[in-house]
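The values are calculated or read from the model by the stated rules, or taken from the named source; none is laboratory data. Remember, it's a predicted structure, so these values are computed and weren't measured experimentally. FYI the Cβ positions are ideal-geometry reconstructions off the backbone, even for glycines, and counts take in every protein chain you see.
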Amino acid sequence: MDENLLDERDAARRVDDVTSALERLAGTFEEEEELSVVLQRVCQQVVHAVPDAEIASITLLRDGAPYTATATGDSAHRIDQAQYEAGQGPCLEAARTGELQRVKVAEAAQQWPEFAAAAAGSAVLGYLSAPLFVDREYHGSLNLYDTGGNSFGALDAALLELYTTAAEAALRSARRHQAARETTAQLSTALTSRAVIDQAKGILMALHGIPADDAFELLVKASQEQNVKLREVAEDFVTSARDGRR
């Protein structure tokens, strides 16, 4: 069979694979899942988007310190950790420079000798890492490792960049939903706290015939003396009043 025809068929298969992976990823926009779950999905599906990838991981930077947020297996964790301990490697380079890294093992030994020495016992033959940016708190790299000897080519790099762009959109959506849920929870807590504090103030005003400001000061003083939150003091006071203990 003509070699060009084989190349065309292989390219078409790869495009189909990444299209399917992107379609599955798009479903996360509608599900409003937790950010950690979306990270796991991104990591699991990328090995389908880039056929030459056997294992994958996501590196995130927290205050400049890298950690593996999720991975498809222990081997990915070990390779990532070798990079973190050496302070060098493709995933860190992608995260810090914002540039895609496509490197073979021999090239890695020249570019990052300390990391290469630490990872010498692994079965990885090639590295492909793309920068991943969600927001200032969540950024790092999406990492692929080749253990099959196929070696990552230019098409693999292009497919990973395409997938990463879609993944960033999904992660930003999940991040917005998470922030909205956290804000809603905080508002709910604040409203509940305000209600019980007002209730405690009302009881104190009725019991002692004092104005609202004085009642509030009594609650604040009790909070300071007991070294507990004002809301907790108010809740305890209201409960005690209902039980007839005050």
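Just a few scattered comments:
- Filtered residue count, region 125-172, keeping only those that are crowded, with 22+ Cβ neighbours inside 10 Å, among the hydrophobic types (A, V, I, L, M, F, W, C) and without any contact (Cβ under 8 Å) to a residue 60 or more places away in the chain: 1
- Qualifying residue in region 98-109 (condition: surrounded by 22 or more Cβ atoms within 10 Å (Cβ to Cβ) and within 30 Å of residue 176 (Cβ to Cβ)): yes
- Selection status of residue 135, out of contact with any Phe, Trp or Tyr (no Cβ under 9 Å at 6 or more places or on another chain) and of a type in the set (Asp, Glu): yes
- Residue 74 vs. criteria free of Cβ contacts under 8 Å to residues at least 40 places away in the same chain and either over 15 Å from residue 145 (Cβ atoms) or over 18 Å from the mean Cα position of the chain (by Cα) (or both): yes
- Meets criteria (under 15 Å from the mean Cα position of the chain (by Cα), modelled with pLDDT of 95 or more, surrounded by 14 or more Cβ atoms within 10 Å (Cβ to Cβ) and assigned by TED's automatic domain parsing to the domain that holds residue 161) for residue 68: yes
- Close Cβ contacts (under 8 Å, 6 or more residues apart or on different chains) running from residues in region 197-213 that are assigned by TED's automatic domain parsing to the domain that holds residue 236 to residues that are outside any helix (DSSP H, G or I) and not basic (Lys, Arg) comprise 204/210; 205/211.
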